[in-house]
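Shown below is the structure under consideration.
We did not get these values from a lab; they are worked out from the coordinates using the rules stated. In this text the structure is predicted, and so the values were computed from the model without any measurement. As a convention, Cβ positions derive from the backbone with ideal geometry for all residues, glycine included, and neighbour counts pool all protein chains shown.
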């Protein structure tokens, strides 16, 4: 028989109601606490349109999902929970429209969801809210996607790291934790770098941390359990945006493709050289 | 007040994007009617940027030999304060994006990434940036006392200037938060981030054993190799080569897609490339709608011929 993990042991002990509170207290001392910051984005196949004179994203018919880079991080966090024991909370800065997305995070294994109730005006507002939450609620590991696939800012984890003065590893593709230190592999342009860092740590997560096949689809049991799990709505602190989108533009329509016969490679080379001037 | 540009280097040598960034920096300084300073860190050939219109070039000497985001951000925050910088200009490399957020946090500065041109207005400072993975642009105003602009790759012309740039060395002391345990870097090979040409393969190549075709063509062109999402998911190629919405973005001069049908997520990731060539057996492949040049044909016939002809030409 396999040795029970801390988490299994914890679940077993917690079934005894009288001891539950005591054991939760004891395990809180030993188990790692992970916070996954998730943003809620249009699914990757969405058509991008705008309304109100191109000032607002048109969400009609758009399905919102957990930002893929955040989901890779969340899945790794749940892996830690199941393999070595950890508490996994998810946090979102935004409005109630994101609650179904948070419930999904609970359904695939997160323990608690927190929503800081304020419009996510820009990365600075989001980072201020997360940093403020972390001051009162410390975590060992904070995970935020490398970038969100809607506004592509790539700013939040670095801002939080600076505000809370904790270590940050971006574009993290591998993460192991041993006691109070982490070994994190960072993807660079044209290479990989293995970094050794003390906790607490914030990482910018992306694919590689887990594989595409490791991503979870909520099952019925998970969905039922998610309904019982806490979703805390927290009042936001005051914070000012440092940037504002005035309006959106769509890229100019593209000219039709020039098709070249498969047996006339010379023509392609000629066009690339003399017309496109890229050779 | 001034404009401060951080030009990245690697193993002491300037990175390729630094001349484009410097040209943008000079144009920005002219537009803002202010002085222009370039900063490098542990760079041995910084003087190569002496004719891009900067009034001053400062090379910071730091004990940490390799890039460490926290140490770099601390050093840049210090020099930005000393130089009274109002706009800080950085690139779009993995390192720049890693460090940018920390720098903005330290300085309480406004920050925008993926900027595609010079500001369209000075009061308030307004820039155009790409959003929704290149499916749209957002005209964005910045309200920081200091603002950081992260410039996309390949969006500004390189123009050198006759200039009287003074070169200074300064020592800085900072502390790192991360310790490098090991580093694995492909030497002398073009990377997806800074190659002029990227050759990318999809499921149409039928298996990893056929990747020689992609690599041969890339070799002739001095190109980086890339792949579509299914190819990296099936383990034919490493994740680091996956380009697209959830992979690496590509903003190159020439992107050659072989056997890639062009799912919307893939197109989003490569749309910022200037010229796209598509080779695919299926004339209905959606990628043809987004391409500049296309060949409807079998990669296994077209690629060897193309490689051969390009080799003969060189």
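Once you've got the GNM for chain A with C-alpha springs shorter than 10 Å, pick whichever of A:164, A:40, A:172 has the biggest mean-square fluctuation.
A:164
Can you compute the helix-only [θ] at 222 nm over chain A? Use -39500 (n - 2.57) per DSSP H run of at least 4 residues, normalise by all residues, nearest 500 deg cm²/dmol.
Value at 222 nm, helices only, nearest 500: -9500 deg cm²/dmol.
Now a separate question. Any idea what angle helix B:18-32 forms with the longest principal axis of chain B, computed on alpha-carbon atoms, 0 to 90 degrees, nearest 10?
Helix B:18-32 sits at roughly 50 degrees to that axis.
Once the principal axes of the Cα atoms of the protein assembly as shown are found, what is the range along each, listed largest first in whole angstroms?
81, 57, 51
Return the calculated 222 nm mean residue ellipticity for chain B, to the nearest 500 deg cm²/dmol, obtained by summing -39500 (n - 2.57) across DSSP H runs with n ≥ 4 and dividing by the residue count. Don't skip to the answer; put the middle values down first.
Values: 8 runs with 84 residues, N = 314.
Rounded to the nearest 500, the figure is -8000 deg cm²/dmol.
Find the centroid of the Cα atoms in the range B:125-145 and in the range B:230-298, then give the distance between the two in whole Å.
Cα centroid to Cα centroid, the span is 26 Å.
Please order B:298, A:122, A:140 by the number of other Cβ within 10 Å, starting at the fewest. Write out the running numbers ahead of the final one.
Values: B:298 14, A:122 24, A:140 17.
Going from least to most buried by this count: B:298, A:140, A:122.
Can you tell me which of B:255, B:52, B:98 moves the most in a GNM of chain B? Springs connect C-alpha atoms under 10 Å apart.
The residue that fluctuates most here is B:98.
Report the calculated FRET efficiency for residue A:165 and residue A:82 (r = Cβ-Cβ distance, R0 = 35 Å), to the nearest 0.05. Provide the component values of the computation, followed by the final result.
Numbers: r = 31 Å, r/R0 = 0.89.
Calculated value: 0.65.
Express the relative contact order of the range A:31-253 as a whole percentage, based on alpha carbon pairs under 8 Å and six or more residues apart in sequence. Intermediate results must be reported in sequence, preceding the final value.
Working: 461 pairs, mean separation 59.6, N = 223.
Relative contact order of the range A:31-253: 27 percent.
On full extension of the chain, what length is gained from residue B:309 through residue B:282, given 0.36 nm per residue of separation minus the C-alpha to C-alpha distance? Show your work: numbers first, answer last.
On the way: separation 27, 0.36 × 27 = 9.72 nm, distance 2.38 nm.
Using 0.36 nm per residue and subtracting the Cα-Cα distance, I get 7.3 nm.
Can you order the peptides A:85-96, A:211-222, B:85-96 by their average number of other Cβ atoms within 10 Å per residue, highest first? Walk me through the intermediate numbers first.
On the way: A:85-96: 21.9, A:211-222: 12.4, B:85-96: 24.2.
Result, highest mean first: B:85-96, A:85-96, A:211-222.
Arrange the peptides B:16-25, A:148-157 so that the one whose residues have, on average, the most other Cβ atoms within 10 Å appears first. Present the calculation step by step, with values, prior to reporting the outcome.
Values: B:16-25: 22.7, A:148-157: 25.2.
Listed from highest to lowest mean packing, they are A:148-157, B:16-25.
Order of B:178, B:227, A:37 from fewest to most other C-beta atoms within 10 Å?
Values: B:178 23, B:227 32, A:37 29.
Ranked by crowding around the Cβ, least crowded first: B:178, A:37, B:227.
Do you know the relative contact order of chain B, to the nearest whole percent, from alpha carbon pairs under 8 angstrom that are 6+ apart? Walk me through the numbers before you get to the answer.
On the way: 690 pairs, mean separation 45.7, N = 314.
RCO, chain B: 15 percent.
Between residue A:53 and residue B:56, what is the label-point separation in nm under the 7 Å Cα-to-beta-carbon projection?
So the two model labels end up 4.3 nm from each other.
Determine, for A:76, A:115, the number of other Cβ atoms within 10 Å of each Cβ, and report the residues in order from fewest to most. List each step's numbers first, then the result.
Numbers: A:76 24, A:115 21.
Result, fewest neighbours first: A:115, A:76.
If you take the C-alpha gyration tensor of the range B:1-145, multiply each eigenvalue by 5 and take the square root, what semi-axes do you get, largest first, in whole Å?
Details: eigenvalues 105, 58, 47 Å².
For the range B:1-145, the ellipsoid semi-axes come out as 23, 17, 15 Å.
Still on this structure, I have one more. Please report the antiparallel percentage of DSSP beta bridges with both residues in the protein assembly as shown, rounded to the nearest 5. Intermediate values should be presented prior to the final figure.
Working: 43 of 124 bridges.
Of those bridges, close to 35 percent are antiparallel.
With label points built 7 Å along Cα→Cβ from the Cα atoms of residue B:31 and residue B:161, find their separation and express it in nm.
My value for the distance between the label points is 1.4 nm.
Also, quick follow-up: For the range B:197-313, what is the relative contact order in percent, using Cα pairs closer than 8 Å and at least 6 residues apart in sequence?
On the way: 243 pairs, mean separation 29.2, N = 117.
Taking the mean separation of contacting Cα pairs over the length of the range B:197-313, I get 25 percent.
Ok, one more. Taking only Cα atoms, what is the 0 to 90° angle, nearest 10, from helix B:212-221's long axis to the longest principal axis of chain B?
The angle comes out near 50 degrees.
Return the whole-Å distance between the Cα centroid of the range A:213-238 and the Cα centroid of the range A:184-198.
31
List residues of the range A:78-114, by number, whose backbone nitrogen lies under 17 Å from a label position 7 Å along Cα→C-beta of residue A:178.
Residues A:84 fall inside that zone.
Once both labels are modelled 7 Å past Cα along the beta-carbon direction, what's the residue B:82-residue A:229 spacing in nm?
4.9
Once all Cα-Cα distances of the range A:31-253 are split into 10 Å bins that start at 0, what whole-number percent is in each one?
Per 10 Å bin, starting at 0, the Cα pair percentages come out as 8, 34, 37, 18, 3, 0.
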